[in-house]
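Below is one structure; the comments refer to it alone.
The values are calculated or read from the model by the stated rules, or taken from the named source; none is laboratory data. Quick caveat, the model's predicted, so the values are computed rather than measured. No Cβ is skipped: glycine too gets one built from the backbone with ideal geometry, and neighbour counts run over all protein chains shown.
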Amino acid sequence: DSGVTQTPKHLITATGQRVTLRCSPRSGDLSVYWYQQSLDQGLQFLIQYYNGEERAKGNILERFSAQQFPDLHSELNLSSLELGDSALYFCASSVGVLSHEQYFGPGTRLTVT
Amino acid sequence: GQQLNQSPQSMFIQEGEDVSMNCTSSSIFNTWLWYKQDPGEGPVLLIALYKAGELTSNGRLTAQFGITRKDSFLNISASIPSDVGIYFCAGRSGANSKLTFGKGITLSVRP
């Protein structure tokens with residue numbers, strides 16, 4: 001158990017819908033990272049927040065957004081969902097803004113039908 | 001952008017055998033990490049390497065940070081069935097906090 005929690009574990013929704021994925025980092029960690037994992041693309045970095053502020057952006061679509069709240073939990077919002085958005089979404093956390101070691105949650109499996 | 005190459009995509013070994021995986025890049029990294037992912041779970045950090053030439057062990061696992069800083073190696077000795085999973089390398093360069101991941105190698109261990 002990494003100490004990172006993610007909810008829900010599974011999510012099935014229809015195209016065009018909007019969903020919110022939630023992540024709670026390990027106790028004491030200030031950075032939260034979101035990743036998308038699909039079969040053909042591997043683990044793709046989406047976005048990082050550190051202590052409530054956006055810190056780094058990766059291959060995140062404009063339809064996706066995230067935020068980190070004062071209690072350090074984070075939410076990833078996915079809107080206007082398409083079939084190709086079906087994937088595993090992982091949250092990871094680390095102590096600092098440039099920490100090398102990231103600890104991953106169990107993931108949310110999103111299926112868009 | 002930066003890419004990490006892991007090949008082959010899958011490896012099949014017999015229980016008790018040693019196995020070696022490598023990860024290569026066309027650009028220099030200053031941190032290398034190895035993760036293992038079990039089915040239905042998130043990646044778990046196995047070993048972190050911070051210095052060129054560094055050799056670090058974690059039980060039966062040994063990883064090395066290549067001296068060119070463009071590659072890293074992971075060795076698993078005396079494999080057991082629970083070693084089955086996907087092994088990812090990840091690297092970080094410069095002051096950018098973004099980790100780049102390889103596509104992973106799926107390891108199967110035959111009893």
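Those residues that are farther than 19 Å from B:Trp34 by Cβ, surrounded by fewer than 22 Cβ atoms within 10 Å (Cβ to Cβ) and within 13 Å of chain B (Cβ to nearest Cβ), I need them from the stretch A:86-103; list them, please. If the condition is that a residue be farther than 19 Å from B:Trp34 by Cβ, surrounded by fewer than 22 Cβ atoms within 10 Å (Cβ to Cβ) and within 13 Å of chain B (Cβ to nearest Cβ), then A:Leu88, A:Val95, A:Gly96, A:Val97, A:Leu98 are the ones that fit.
Does B:Phe101 satisfy the condition of being crowded, with 18+ Cβ neighbours inside 10 Å, within 8 Å of chain A (Cβ to nearest Cβ), touching a Lys or Arg at 6+ places or on another chain (Cβ under 8 Å) and not β-branched (Val, Ile, Thr)? Taking the combined requirement at face value, the residue does not satisfy it. Is there a residue being of a type in the set (S, T, N, Q), without any contact (Cβ under 8 Å) to a residue 40 or more places away in the chain, more than 8 Å from chain B (Cβ to nearest Cβ) and surrounded by fewer than 18 Cβ atoms within 10 Å (Cβ to Cβ) anywhere in the stretch A:74-85? No. Candidates are the residues of the stretch A:1-57 that are of a type in the set (Gly, Ala, Ser) and within 30 Å of B:Ile105 (Cβ to Cβ); the one that is surrounded by the most Cβ atoms within 10 Å (Cβ to Cβ) is A:Ser31. Residues that are of a type in the set (Phe, Trp, Tyr), within 10 Å of chain A (Cβ to nearest Cβ) and either under 23 Å from A:Ala87 (Cβ atoms) or in a strand (DSSP E or B) (or both) occur in the stretch B:22-33; there is at least one.
If you filter the stretch B:39-82 down to residues that are closer than 30 Å to A:Thr5 by Cβ and touching a residue at least 60 places away in the same chain (Cβ under 8 Å), you find that the one that is surrounded by the most Cβ atoms within 10 Å (Cβ to Cβ) is B:Ile80.
Restricted to the stretch A:40-92, the set of strands (runs of 3 or more DSSP E) holding at least 3 residues that are under 20 Å from A:Thr5 (Cα atoms) and at pLDDT below 95 comprises A:42-50.
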